Amino acid sequence: MIAETWSSVAKYAALSMATYLSIKTIGTLVRSKVLIPMFTVLPELSGIGKPRNKEKLPGEVVVCGGSIGGLFAAAVASKHYESVLVIEREEWVVDDGTELRTGKEAAAKATGDGTPININPRTRVMQYMSSHVLQPVVYEIMRQLFPQYEEEVAALGLRHHPHDVAIHDSGVPLASRSPKDPHTLYTSREVFEVLLQRLVRKACPNVRFMAGTVTGVDRSSDASSIREVHVRPSNGSPMSLKNPSLIIDSTGSSQAGFKWLKKCGYDLPDDYRIHYNPRIRYLTFQFTVPPHLRSVVLPQRPWDDTTAIYTYMPNLSRESNFFAMSVVDNDKVVVLCGGWGLDEGPCSMDEVKYFISTFPATEPIPEYVFNILDKLAYLASQLNPIVSPALMTSCSYIMYHQVAPGCLPSNFIAIGDSAMQLDPVFGQGVGKCAVGAACLDTILRSTETTNNGDVSRRFFKLQANRMNVPWTSTKEIDYGLQTTVPVKGEGRSTGWFSRGYGDYLLKAAHKDPRLALILWGARGWLLPPTDLFLPSIVMKVAWLWLTGQ
């Protein structure tokens, strides 16, 4: 009898184990064959640095805008087409884009009394002097795309560090991650754009630049493609570029390409562009710290090894303001503060101190943060801080991938902010440009002639696979704030489950370094977001919910 019982137990145990292993094997296969290719940029990373295995496509690519998205797109297009023309509105970027200039302008305008200086050499880019975060995916794409990457990084005095921005969830730190985590650059927008300019000009001899403005396009007689691009050069008479092989809209937040297409006759209803207002206001203070003062500002930290100092993210169920402090470019301390629905931000370090002292933090902001702010306030007359205010009143997504076949020109794409503007708080803007360029590389590698397939349709479909999750997730987080104005037809209750689940994920990540890494990987296109629903993670979230933690 006992033998029979043990035999039955053994059979059930073997059956359970076989079932578990089968489910796990199927899950692993689905993740590697379906979810990773669908949601991450890993398939693109495997090929973006390789030479084209066929002859270059004939004709010229016209890139409309020479900021970050335009430079990434130009670098990719140069590998696949005979010629690339970048048309950039700001003349100094075309002539001197490989040189740093903000420091000189700041010195010229310094008051000597520590009053923050408000300058922006890039008049068409609101966030040019604002704080930026570069996702590890940017580093991975750049080092494969540009052979001179490490050389130019060193020439600018930059170094790579593990990607850890010292996140504190309402003051509670997320679990420490491994120094083997994916690396990235901690750099300002200005220096990063100079780096990109240098890399494109050195690595891509078939890319040329023109100072001017694209004013519109004309379509072919059968509306299958754009046959003419109208340009107003900075110095010269209006001109037209005939029969471009590909037009890349990288005009940024103006999203001019959508307007050009509508104006020249393509049937694109306004509701293909969805948008909402997160009402985010923030300020960036930038202090360039000379070597002899670095130990004064950071007395207990090795300057060369310091990147993110402290980042405070609010618990959005009861607070709405954020704060961050970091070292970038190896010579600057950057202080960022702001919030959702904030009417007016602090204008000095003393005001910043008061601002963050009012946060209803679960754990108090450490004293060392206030000490550093004290040092910066004391040294302000010597450091001539630059302040950059920014107001985000529109996050938008043009749903090009939903346009009916034949209703878009086959030789038009939009990249970066020209296709989608995300909430900047989560630091995905530059990554979005790099990922879009990687998608373009994938599409062009399978394109043998300029008439081989609809580049536009294939590109927007692939890019949407990469961008739909960031758009939906950041939008639903923003909907948690009462000051957010939702997309027409939606309410702020949209996404209530994902917001609640996300809150518990953050709580679990306070003590779980693996989960902290998955959170960043899923947000940075390196892991599928479905990893956040692994059984072990769901069980942790369920336990926190059941125990009321």
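Annotations
- Residues of the stretch 125-159 satisfying the condition of being more than 27 Å from D423 (Cβ to Cβ) and open to solvent by 40 Å² or more (accessible area, probe 1.4 Å): R143, Q144, P147, Q148, E150, E151, A154, A155, R159
- Residue within the stretch 473-495 that is at negative phi, open to solvent by 40 Å² or more (accessible area, probe 1.4 Å), of a type in the set (K, R) and in a helix (DSSP H, G or I) present: no
- Of all residues in the stretch 388-404 being surrounded by fewer than 19 Cβ atoms within 10 Å (Cβ to Cβ) and of a type in the set (A, V, I, L, M, F, W, C), the one that is farthest from D331 (Cα to Cα): A404
A quick yes/no check of all residues on (1) farther than 16 Å from D169 by Cβ; (2) in contact with a strand residue (DSSP E or B) (Cβ under 6 Å, 6 or more places away or on another chain); (3) in a loop (DSSP other than H, G, I, E, B); (4) open to solvent by less than 70 Å² (accessible area, probe 1.4 Å):
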| residue | (1), (2), (3), (4) |
| --- | --- |
| Q463 | yes, no, no, yes |
| S498 | yes, no, no, yes |
| G502 | no, no, no, yes |
| K507 | no, no, no, no |
| D531 | yes, no, no, yes |
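- Residue within the stretch 370-384 that is within 21 Å of G480 (Cβ to Cβ), open to solvent by less than 40 Å² (accessible area, probe 1.4 Å) and among the small types (G, A, S) present: no
- S536 out of contact with any helix residue (DSSP H, G or I) (no Cβ under 8 Å at 6 or more places or on another chain) and either in a loop (DSSP other than H, G, I, E, B) or open to solvent by 40 Å² or more (accessible area, probe 1.4 Å) (or both): yes
- Among the residues making up the stretch 268-285, those that are of a type in the set (S, T, Y) and open to solvent by less than 20 Å² (accessible area, probe 1.4 Å) are Y276, Y282, T284.
- Tabulated pairs, the stretch 201-221, first under 18 Å from K242 (Cα atoms) and polar (S, T, N, Q), second open to solvent by 50 Å² or more (accessible area, probe 1.4 Å) and not in a strand (DSSP E or B), C-beta under 6 angstrom, 6+ apart or interchain: T213/R89
The values are calculated or read from the model by the stated rules, or taken from the named source; none is laboratory data. The structure displayed is predicted, hence computed values, not measured ones. Because the Cβ atoms are built from the backbone with ideal geometry, glycine has one as well, and the counts that use them run over all protein chains shown. Please note that ligands, DNA and RNA were not included when accessible areas were found on the heavy atoms of the full protein model with its side chains. Shrake-Rupley method; radii C 1.70, N 1.55, O 1.52, S 1.80 Å.
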